[in-house]
1. For residues in the range 90-103 being out of contact with any strand residue (DSSP E or B) (no Cβ under 7 Å at 6 or more places or on another chain) and part of a loop (DSSP other than H, G, I, E, B), which is surrounded by the fewest Cβ atoms within 10 Å (Cβ to Cβ)?
2. Would you call S65 at pLDDT 90 or above, of a type in the set (S, T, Y) and surrounded by 12 or more Cβ atoms within 10 Å (Cβ to Cβ)?
3. Counting just the residues of the range 63-83 that are free of Cβ contacts under 8 Å to residues at least 12 places away in the same chain and among the hydrophobic types (A, V, I, L, M, F, W, C), which one comes out nearest to R97 (Cα to Cα)?
4. Which condition breaks for S87 when tested against (1) part of a loop (DSSP other than H, G, I, E, B); (2) closer than 18 Å to G130 by Cα?
5. Under the condition of being more than 30 Å from M10 (Cβ to Cβ) and of a type in the set (G, A, S), which residue from the range 36-69 is farthest from the chain's Cα centre (by Cα)?
6. Just one of the numbered conditions (1) more than 30 Å from K133 (Cα to Cα); (2) surrounded by fewer than 13 Cβ atoms within 10 Å (Cβ to Cβ); (3) among the hydroxyl-bearing types (S, T, Y) is not true of T37; which one?
7. Taking only the range 68-84 into account, find how many residues are assigned to a loop (DSSP other than H, G, I, E, B) and loosely packed, with under 11 Cβ neighbours inside 10 Å.
8. How about the range 21-60: which of its residues are assigned to a loop (DSSP other than H, G, I, E, B) and more than 30 Å from G101 (Cβ to Cβ)?
Amino acid sequence: MEQVVRNATMEGTGYLNSCRYLLHDRDTKFCREFRETLAAGGVKCLPLPARSPNLNSYAERWVRSVKDECLSRLILFGESSLRRAVSNFLEHFHHERNHQGKGNLLLFPTGTVPCPTPATAVCCRERLGGLLKYYSRAA
């Protein structure tokens, strides 16, 4: 495991170079030497709480949402287009999409959407070329 973490934090080629945190479970393979090697590479180790098996279900549900509602409907060309698509989906998910588990309310409403013409009764904000739409009533 020490060699794995050395490779992961290697200067220039390690995949954890731009990461500040690493979440992991409480398996014995994440020993003191593992955590020290990560700390030397500038990555802070954050173990998950003990006896928390339900954390994975929330992550899997979000991954399923982003795949079904966004990524499976797009053709992506590289990492930058993936980042743009996921960031647009995140904005839509948190600010414009109602959540049935919360009584069909918006989690973090941003206020009103500016309408291009005041005569329209309903405004529409589109993201990702019309893939994600948010409708609101003009004030």
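1. Among those that are out of contact with any strand residue (DSSP E or B) (no Cβ under 7 Å at 6 or more places or on another chain) and part of a loop (DSSP other than H, G, I, E, B), it is G103.
2. On the way: at pLDDT 90 or above: no; of a type in the set (S, T, Y): yes; surrounded by 12 or more Cβ atoms within 10 Å (Cβ to Cβ): yes.
So S65 fails the test.
3. Residues of the range 63-83 free of Cβ contacts under 8 Å to residues at least 12 places away in the same chain: 63-64, 67-68, 72, 75-83.
The next check asks that each one be among the hydrophobic types (A, V, I, L, M, F, W, C); those that pass are 63, 75-77, 82.
Numbers: V63: 16, I75: 23, L76: 23, F77: 26, L82: 20 Å.
Among those residues, the one meeting the criterion is V63.
4. Failed condition: (1).
5. Among those that are more than 30 Å from M10 (Cβ to Cβ) and of a type in the set (G, A, S), it is A50.
6. (2)
7. First, the residues of the range 68-84 that are assigned to a loop (DSSP other than H, G, I, E, B): 70, 74-78.
Of the ones still in play, those that are also loosely packed, with under 11 Cβ neighbours inside 10 Å are 75, 77-78.
Residues meeting the conditions: 3.
8. Restricting attention to the range 21-60, the residues satisfying the condition of being assigned to a loop (DSSP other than H, G, I, E, B) are 25-31, 41-43, 48-54.
Listed by number, the residues that qualify are D27, T28, K29, F30, C31, G41, G42, V43.
The values are calculated or read from the model by the stated rules, or taken from the named source; none is laboratory data. Just so it is clear, the structure is predicted and the values come from calculations on it, not from any experiment. Every residue, glycine as well, gets a Cβ built from its backbone with ideal geometry; the counts of neighbours run over all protein chains shown.
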